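To keep things clear, I will list the structure first and then write my remarks on it.
The values are calculated or read from the model by the stated rules, or taken from the named source; none is laboratory data. Being a predicted model, the structure only gives us computed values, none of them experimental. Neighbour counts are summed over all protein chains in view; Cβ atoms, including those assigned to glycine, are modelled from backbone coordinates with ideal geometry.
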Amino acid sequence: MKTILSPAVAAVLIAGCATQLSDDEARQRAERVFRETFTHGNRQMAARVDQQDEAQALCSLYRNDPPREIAAKIEQTQAATLRYPTSGKLMGDWRQGEKIAQDGYGMRFTDPDPKRPNGGNCYNCHQIAPQEISFGTVGPSLYRFGKLRGNAEAIQKYVYGKIYNSEASLACSNMPRFGHNGVLTEEQITHLVALLLDPDSPVNK
Amino acid sequence: MRIERVLAGLLAVILPCAAPAQQDTQKGIERYRQLLAEGNPADLWEARGEQLWKTPRGPKNVSLEQCDLGLGPGVVKGAAARLPRYFPDTDRVQDIESRLATCMVTLQGFKPEEALRNPFSAPGRHSDMEALASFVAAESKGMKLDVPIRHPKEIEAFRIGEQLFYRRAGPYDFACVSCHGENGKRIRLQELPRLTDPGDAQKIFTSWPAYRVSQGTVRTMQHRLYDCYWQMRHPQMDYTSEASIALMVYMAKYANGGTINAPGLKR
């Protein structure tokens with residue numbers, strides 16, 4: 001039988017195809033839409049979010065739950081980025097660490113002072129010192145972290161590495177890669193290590 | 001930081017003594033919310049919005065009363081419960097705010113940039129959009145959210161929103177899901193809705209626009225997303241961008257069935 005598609009039927013069919021976007025097509029369109037979203041903002045910031053690095057792209061693709069071999073690959077490449085302080089000193093001053101843990105300043109488009117150091121936002125997601133009752137629960141509680149684990153060099157290295165690049169030990173962790181992404185300096189990270197591990201820190205009292 | 005300042009204020013009001021248990025803190029905040037809810041300042045925005053809706057304005061000196069919000073010209077009741085949705089005349093999926101802007105252009109004769117110029121109020125500067133969106137949303141109060149995801153462009157918006165929800169980027173590696181992917185989590189003391197959980201989504205999505213105590217003004221859903229990207233260390237999101245509306249459609253999929261309770265009242 002000879003069939004002729006009327007324009008109306010053709011339109012429905014085309015519309016039908018549009019509903020069948022593959023995941024790849026949806027992703028490509030989302031990327032285009034994303035790039036058209038920040039046209040009035042800071043161009044440097046826009047370039048930084050437009051371009052995902054490998055870990056960001058893979059974690060987005062797998063919705064933070066990558067298959068085991070992908071997770072291993074991410075952890076391997078992220079572990080290769082770990083840099084420890086040249087001084088060899090991993091534990092700084094817990095008092096400064098507490099200030100950094102409280103501070104949410106930095107890298108928002110309304111944060112104008114590049115000379116003011118960035119904060120770590122730690123309390124936004126973690127319980128840390130017990131005196132601070134306004135803490136978040138996105139990450140695990142870190143109260144008594146050092147009391148339970150001591151402060152030998154191995155645990156200092158672990159904590160420093162976790163803050164520097166959380167994905168070196170856990171692919172697609174929710175935690176920002178503070179050192180790797182240039183949010184916190186080496187010295188700031190050593191102060192946070194002290195906040196968690198120094199026996200004098202309120203965390204371990 | 002704003003959050004800390006406001007929380008300090010809240011705690012000073014609601015906590016009679018130092019070092020309370022977490023649960024008491026949460027209860028205190030809920031009690032405070034309840035007190036405020038008995039007289040939501042957003043009522044003032046809603047009333048001003050209704051006034052703006054009915055007042056002839058713009059180069060053509062007409063009111064917005066014939067604006068088509070999706071249910072036909074002049075129908076405001078229930079329209080917000082079905083937004084965002086696809087509009088054939090603009091060939092776009094539009095939310096409350098972008099549709100209001102369309103009506104300001106087509107009915108009242110404003111230039112597009114005029115209609116979109118002042119979306120978020122600042123101290124000493126009102127936003128007509130905040131008032132109009134409050135009015136339109138309130139006209140669906142008590143109705144069930146029923147955002148259509150049927151037209152190909154609505155489905156496409158949903159699929160794009162889904163991708164964006166999981167898209168990690170920037171110096172903090174954040175995506176929407178970083179904060180809104182699990183039940184029962186908090187940032188500081190602020191509870192975080194899991195936006196893919198209908199239980200959470202139905203409560204949250206239906207309560208915008210909302211009076212924000214911390215900002216002393218009504219904020220819209222557009223502002224909520226702009227503020228999220230600010231926290232995520234992304235640049236300034238363009239007002240009524242396609243991405244913002246795609247994210248709303250994605251959220252609405254899980255929020256559908258919830259009861260509209262806007263304008264709401266939030267921290």
Looking only at region B:24-50, and only at residues there that are of a type in the set (S, T, N, Q) and surrounded by 12 or more Cβ atoms within 10 Å (Cβ to Cβ), the one that is modelled with the lowest pLDDT: B:T25
Scope region B:188-211; condition within 10 Å of chain A (Cβ to nearest Cβ), touching a residue at least 60 places away in the same chain (Cβ under 8 Å) and aliphatic (A, V, I, L, M); matching residues: B:L189
Given (1) of a type outside the set (V, I, T); (2) more than 18 Å from B:S134 (Cα to Cα); (3) crowded, with 22+ Cβ neighbours inside 10 Å, index of the condition B:A210 fails: (2)
Meets criteria (more than 21 Å from B:V177 (Cα to Cα) and surrounded by 19 or more Cβ atoms within 10 Å (Cβ to Cβ)) for A:Q96: no
Output for region B:175-230, where each listed residue is hydroxyl-bearing (S, T, Y), assigned to a loop (DSSP other than H, G, I, E, B) and farther than 22 Å from B:R159 by Cα: B:S207, B:S214, B:T220
Selection within region A:20-46 - within 9 Å of chain B (Cβ to nearest Cβ), assigned to a loop (DSSP other than H, G, I, E, B) and surrounded by fewer than 16 Cβ atoms within 10 Å (Cβ to Cβ): A:E36, A:T39, A:H40, A:N42
Pair list, Cβ < 9 Å and 6+ apart or interchain, from region A:107-118 residues that are polar (S, T, N, Q) to residues that are loosely packed, with under 10 Cβ neighbours inside 10 Å: none
Pick from region B:100-111, criterion touching a residue at least 40 places away in the same chain (Cβ under 8 Å) and surrounded by 19 or more Cβ atoms within 10 Å (Cβ to Cβ), ranking: nearest to B:V147 (Cα to Cα): B:A101
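Among the candidates B:E139, B:E130, B:E97, B:E114, which residue alone is out of contact with any Leu (no Cβ under 8 Å at 6 or more places or on another chain), surrounded by fewer than 19 Cβ atoms within 10 Å (Cβ to Cβ), away from every other protein chain (no Cβ under 14 Å) and among the charged types (D, E, K, R)?
Numbers: B:E139 fails: surrounded by fewer than 19 Cβ atoms within 10 Å (Cβ to Cβ); B:E130 fails: surrounded by fewer than 19 Cβ atoms within 10 Å (Cβ to Cβ); B:E97 fails: surrounded by fewer than 19 Cβ atoms within 10 Å (Cβ to Cβ).
The match here is B:E114.
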Residues of region B:80-93 satisfying the condition of being crowded, with 23+ Cβ neighbours inside 10 Å and not charged (D, E, K, R): B:A80, B:A81, B:L83, B:P84, B:V93
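Each row is one residue, and each column tells you yes or no for (1) under 17 Å from the mean Cα position of the chain (by Cα); (2) among the aliphatic types (A, V, I, L, M).
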| position | (1), (2) |
| --- | --- |
| B:V62 | no, yes |
| B:L69 | yes, yes |
| B:V75 | no, yes |
| B:R85 | yes, no |
| B:I96 | yes, yes |
| B:P119 | yes, no |
| B:P123 | no, no |
| B:S127 | yes, no |
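Test B:A175 against the criterion of being crowded, with 18+ Cβ neighbours inside 10 Å, more than 14 Å from every other protein chain (Cβ to nearest Cβ), in contact with a strand residue (DSSP E or B) (Cβ under 9 Å, 6 or more places away or on another chain) and of a type in the set (A, V, I, L, M), and give yes or no.
Values: crowded, with 18+ Cβ neighbours inside 10 Å: yes; more than 14 Å from every other protein chain (Cβ to nearest Cβ): no; in contact with a strand residue (DSSP E or B) (Cβ under 9 Å, 6 or more places away or on another chain): yes; of a type in the set (A, V, I, L, M): yes.
It is false that B:A175 is crowded, with 18+ Cβ neighbours inside 10 Å, more than 14 Å from every other protein chain (Cβ to nearest Cβ), in contact with a strand residue (DSSP E or B) (Cβ under 9 Å, 6 or more places away or on another chain) and of a type in the set (A, V, I, L, M).
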Top-ranked residue in region B:239-267 [being closer than 30 Å to A:G120 by Cβ and at pLDDT 95 or above; ranked as surrounded by the most Cβ atoms within 10 Å (Cβ to Cβ)]: B:L247
Some residue of region A:162-185 being surrounded by fewer than 21 Cβ atoms within 10 Å (Cβ to Cβ) and acidic (D, E): no
Given (1) away from every other protein chain (no Cβ under 14 Å); (2) touching a residue at least 60 places away in the same chain (Cβ under 8 Å), number of the condition A:C172 does not satisfy: (1)
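Would you confirm whether any residue within region A:128-138 is facing chain B (nearest Cβ under 9 Å), in contact (Cβ under 8 Å) with a residue 40 or more places away in the chain and touching a helix residue (DSSP H, G or I) at 6+ places or on another chain (Cβ under 9 Å)? Spell out the reasoning first.
Taking region A:128-138 first, the residues facing chain B (nearest Cβ under 9 Å) are A:131, A:133-138.
Narrowing the set further to residues that are in contact (Cβ under 8 Å) with a residue 40 or more places away in the chain leaves A:131.
Cutting the leftovers down to touching a helix residue (DSSP H, G or I) at 6+ places or on another chain (Cβ under 9 Å) gives us A:131.
There is at least one residue in region A:128-138 that is facing chain B (nearest Cβ under 9 Å), in contact (Cβ under 8 Å) with a residue 40 or more places away in the chain and touching a helix residue (DSSP H, G or I) at 6+ places or on another chain (Cβ under 9 Å).
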Residue in region A:82-91 that is modelled with pLDDT of 95 or more and facing chain B (nearest Cβ under 8 Å) present: no
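Among B:I187, B:I155, which is the only one that is among the β-branched types (V, I, T) and within 29 Å of A:D23 (Cα to Cα)?
Values: B:I187 fails: within 29 Å of A:D23 (Cα to Cα).
Selected residue: B:I155, the only one of B:I187, B:I155 that is among the β-branched types (V, I, T) and within 29 Å of A:D23 (Cα to Cα).
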Residue that is surrounded by the most Cβ atoms within 10 Å (Cβ to Cβ), among those in region A:47-66 that are over 19 Å from A:Q28 (Cβ atoms) and at the interface with chain B (Cβ under 8 Å from one of its Cβ atoms): A:A55
